[in-house]
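Here is the structure we will look at, set down as structure tokens.
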Amino acid sequence: MVSRRIKLSVSRPVLNEVVSRLANLPDRVAFDLCKFALVRLQPRIICFEEHVCGILQHIGTIMERFHMYRQAAETLLTVPLERGHRRYAAEYKFDTYVRIARLFLEAGDVRKAEFHIKRASLLQREVSEKTKIISYKENYASILDHGRKFIEAARRYVELSAISNMCMSFLRKAFICIALSATGEQRSHILFLLLKDKRTRILPGSALIGKLYYNVIIKPSDLKDFKAILQPHHKITTSDGRTLLERAINEHNLISVSKIYNDISFEQLASLVERTPTYVQIVAAELIRNGRIPAVIDQIRDSLVFEYQREASPVDMEIQFLCNQLNSVFNKIAIANPAWFAKVETAITKESDKKC
């Protein structure tokens, strides 16, 4: 059929039939036949590009069934969607990019999965089939979830819960992601949506939603039911030796404490969160260093002192204004009389050296 002696009007329909029947063959036989066909079609790929794409798609399907996810994704990447001689429908390209992203995610390569799901997002508006849109959004949310972009993942899961038949599954995933996310306004907004959604009340550990939203201190005993619904990628240990859940709850608890206390001893703080004083001191130091909580550690009193930005008093503002005016005058003199400025600077340096 690939011989130049046979007209394309004959060979193309025959090869269409061959490609359509690959699914009826045993996987190993079909795989060998696909490899053989690709070699034979390569010299005339311009004429049979459509058939090559169909064969590559089927090879990807076979590899996926054998859990060869990375190889399947890399095979689909050879489909000439952008560089080929044919113009492919937006829906076909959309489906292929979503599938590649899902396969890379299954292979554990979140970075490549996110790259290809973003390529699919550029074509989303041209796709109208609801099931494909839901599949795309589910894969996107899962990629963000695995990439620890928990707030964005939670937002997408909440959106999916309103348009999909699997609403409880998506609500559960949204709950997990928002509980593992860092504190902030976006987190509070999503917690509010989950708190007001009556469907979340039947989720395991749903009482945690209210505690997170209202900044209630959470103890290890409060997390028993919630831990049971965590997925394997949520249970990994980070570089500091803590789990994602421990990090999130530690930050939540210290911020909750900061809303009640101006300062608190580490012994008292450890009692509140059911941890050791050494543990809470290490956690506090890390959060302060990363700029997550406004506080300082008072080592003499062995306590945590929370700092808040207070408005300057009128007297302080007057003093600041006066200092700024004096500084302005000094700069003008220095510009007008640089010799005098150099003499003063030398005198100040000598005086400092004597004190040292």
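The values are calculated or read from the model by the stated rules, or taken from the named source; none is laboratory data. Note that the coordinates shown come from a computational prediction; the quantities given were computed from them, not determined experimentally. Please note: Cβ atoms are built from the backbone with ideal geometry, for glycine as well, and neighbour counts cover all protein chains shown. For accessibility, only protein heavy atoms count, side chains too; no ligands or nucleic acids. Shrake-Rupley method; radii C 1.70, N 1.55, O 1.52, S 1.80 Å.
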So, residue 148, is that one open to solvent by 40 Å² or more (accessible area, probe 1.4 Å) and either touching a His at 6+ places or on another chain (Cβ under 7 Å) or in contact (Cβ under 8 Å) with a residue 60 or more places away in the chain (or both) or not? yes
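With the requirement that a residue be open to solvent by 10 Å² or more (accessible area, probe 1.4 Å) and modelled with pLDDT of 95 or more, what does the range 160-176 give you?
To start, the set of residues in the range 160-176 that are open to solvent by 10 Å² or more (accessible area, probe 1.4 Å) comprises 162-169, 172-173.
The answer is 172, 173.
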Quick check on the range 54-77. Is at least one of its residues open to solvent by 20 Å² or more (accessible area, probe 1.4 Å), in contact with a Pro (Cβ under 9 Å, 6 or more places away or on another chain) and not charged (D, E, K, R)? no
Could you pull out the residue among 95, 145, 109 that is within 27 Å of residue 50 (Cα to Cα) and either modelled with pLDDT of 95 or more or over 13 Å from the mean Cα position of the chain (by Cα) (or both)? 95
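Name the residues in the range 249-274 that are of a type outside the set (S, T, N, Q), out of contact with any helix residue (DSSP H, G or I) (no Cβ under 8 Å at 6 or more places or on another chain) and free of Cβ contacts under 8 Å to residues at least 40 places away in the same chain, would you? It would help to see each step written out before you state the result.
Within the range 249-274, the first condition is being of a type outside the set (S, T, N, Q), and the residues that meet it are 249, 251-252, 254-255, 257, 259-261, 263-264, 266-267, 269-270, 272-274.
From what's left, out of contact with any helix residue (DSSP H, G or I) (no Cβ under 8 Å at 6 or more places or on another chain): 255, 259-261, 263.
Once the filter is applied, which keeps residues that are of a type outside the set (S, T, N, Q), out of contact with any helix residue (DSSP H, G or I) (no Cβ under 8 Å at 6 or more places or on another chain) and free of Cβ contacts under 8 Å to residues at least 40 places away in the same chain, the range 249-274 yields only 260.
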What pairs come out if I take residues in the range 333-350 that are surrounded by 11 or more Cβ atoms within 10 Å (Cβ to Cβ) and pair them with residues that are not aromatic (Phe, Trp, Tyr) whose C-beta lies under 6 Å away, six or more apart or interchain? 341/334
Just give me the residues in the range 276-289 being in contact (Cβ under 8 Å) with a residue 24 or more places away in the chain and either in contact with a Pro (Cβ under 7 Å, 6 or more places away or on another chain) or over 13 Å from residue 302 (Cβ atoms) (or both), in sequence order. 283, 286, 287
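Can you tell which of 101, 37 is of a type in the set (A, V, I, L, M, F, W, C), open to solvent by less than 70 Å² (accessible area, probe 1.4 Å) and within 28 Å of the chain's Cα centre (by Cα)? Explain how you work it out, then say what you get.
Numbers: 37 fails: within 28 Å of the chain's Cα centre (by Cα).
Residue meeting the stated conditions: 101.
Just to be sure, is residue 172 among the basic types (Lys, Arg) and under 20 Å from residue 232 (Cα atoms)?
Numbers: among the basic types (Lys, Arg): yes; under 20 Å from residue 232 (Cα atoms): yes.
Criteria met by residue 172.
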Read through the list (1) modelled with pLDDT under 90; (2) over 22 Å from residue 304 (Cα atoms); (3) surrounded by 13 or more Cβ atoms within 10 Å (Cβ to Cβ), then give the number of the only condition that residue 241 fails. (3)
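Which is under 46 Å from the mean Cα position of the chain (by Cα), of a type in the set (S, T, N, Q) and at pLDDT below 90, of 325, 281, 320?
Values: 325 fails: under 46 Å from the mean Cα position of the chain (by Cα); 281 fails: at pLDDT below 90.
Result of the check over 325, 281, 320: 320.
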Do we have any residue at all in the range 179-196 that's open to solvent by less than 60 Å² (accessible area, probe 1.4 Å), of a type in the set (A, V, I, L, M, F, W, C), within 20 Å of residue 109 (Cβ to Cβ) and modelled with pLDDT of 95 or more? no
